[in-house]
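Colleague: One structure, as structure tokens, below. Some questions next.
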Amino acid sequence: MIEKNTNLGSVNISLDVVSTVAGGAATEYSKGIIASDGETGLILDLYIILGYGIKINEILVEVQKKVKYVVESTLDVKVEAVNVYVQGLRNID
């Protein structure tokens, strides 16, 4: 749970919301996302399926950057790590 305090009161954001925001940033690849609290920020574990024949390393780095940016800018929280786990490959039509 993320808690933010403002001059009007407090706002609580569940880790499920963080997972939903992160999933929106990686919709074309995402199979599942788990958000947890780290020592200095959120840790996001993304489980994805990629298309066969693509440059996997380039896609992974771009997914990490995009998810980190979207979560940090949307929720105004720090992301400590974006871990990506490739669960499989699929044929590209």
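The values are calculated or read from the model by the stated rules, or taken from the named source; none is laboratory data. Computed from a prediction, not measured in an experiment: that's the story for all the values here. Cβ atoms come from the backbone with ideal geometry, glycine included; neighbour counts cover every protein chain shown. Note: accessible area is taken over every heavy atom of the protein model, side chains too, but ligands, DNA and RNA are not part of it. Shrake-Rupley method; radii C 1.70, N 1.55, O 1.52, S 1.80 Å.
Colleague: Does the range 54-88 hold any residues that are among the polar types (S, T, N, Q) and closer than 15 Å to L42 by Cβ, and which are they?
Modeller: Across the range 54-88, the qualifying residues are Q64, S73, T74, N83.
Colleague: If you check V84 against the conditions, is it in contact with an Asp or Glu (Cβ under 9 Å, 6 or more places away or on another chain), at pLDDT 90 or above and either exposed (fewer than 15 other Cβ atoms within 10 Å of the Cβ) or not in a helix (DSSP H, G or I) (or both)?
Modeller: Taking the combined requirement at face value, the residue satisfies it.
Colleague: Report yes if some residue within the range 33-46 is modelled with pLDDT of 90 or more, polar (S, T, N, Q) and out of contact with any Ser or Thr (no Cβ under 7 Å at 6 or more places or on another chain); otherwise report no.
Modeller: Yes, the conditions are met somewhere in the range 33-46.
Colleague: Step by step: first the residues of the range 6-34, then only those that are open to solvent by 50 Å² or more (accessible area, probe 1.4 Å) and farther than 13 Å from L75 by Cα, then the one that is nearest to the chain's Cα centre (by Cα). Which residue is that?
Modeller: Across the range 6-34, the extreme among qualifying residues is I34.
Colleague: Keeping to the range 43-81, report how many residues are without any contact (Cβ under 8 Å) to a residue 40 or more places away in the chain and in a strand (DSSP E or B).
Modeller: Selection size over the range 43-81: 4.
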